[in-house]
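Worksheet: the structure to be examined is printed underneath.
Since every read-out is calculated from the coordinates, none of them should be taken as a lab result. Note that this is a predicted model, so its numbers are computed, not measured. When we count neighbours, we look across all protein chains shown, and the Cβ atoms used for this are built from the backbone with ideal geometry, even at glycine.
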Amino acid sequence: MPRGKTSDITNKFKKMRKCKIIELLKSPEVDLTDDEMDIFLRRLYYYNDRVSDDVGKCPRCVTKIFMNVINKLRDYFNEKSE
């Protein structure tokens, strides 16, 4: 599976309840910071420019943080399925 595609993770999370998403993101296996969790949750539902305005970071930084979270989640789900 190519590492650049995010739709597999984002579609899975868009179907989940927010309480389940937050519970998963706070689990020690995923190991996210508060900043990463905030940007991921915002970026899940809004476009990059709006998220960068809300959090006060440049769009490139927001994308980098979002992709790091996507990769952590993808690794978590791959380990879980094995």
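Out of everything in the stretch 31-82 that is in a loop (DSSP other than H, G, I, E, B) and surrounded by 16 or more Cβ atoms within 10 Å (Cβ to Cβ), what residue ends up being nearest to the chain's Cα centre (by Cα)?
Step one: of the stretch 31-82, the residues in a loop (DSSP other than H, G, I, E, B) are 31-33, 46-47, 56-58, 82.
With surrounded by 16 or more Cβ atoms within 10 Å (Cβ to Cβ) added as a condition, the list becomes 32, 57.
On the way: LEU32: 9, LYS57: 16 Å.
Among those residues, the one meeting the criterion is LEU32.
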Filtered residues of the stretch 12-55 (kept if under 12 Å from LEU73 (Cβ atoms) and not aliphatic (A, V, I, L, M)): LYS12, PHE13, SER27, GLU29, ASP31, GLU36, PHE40
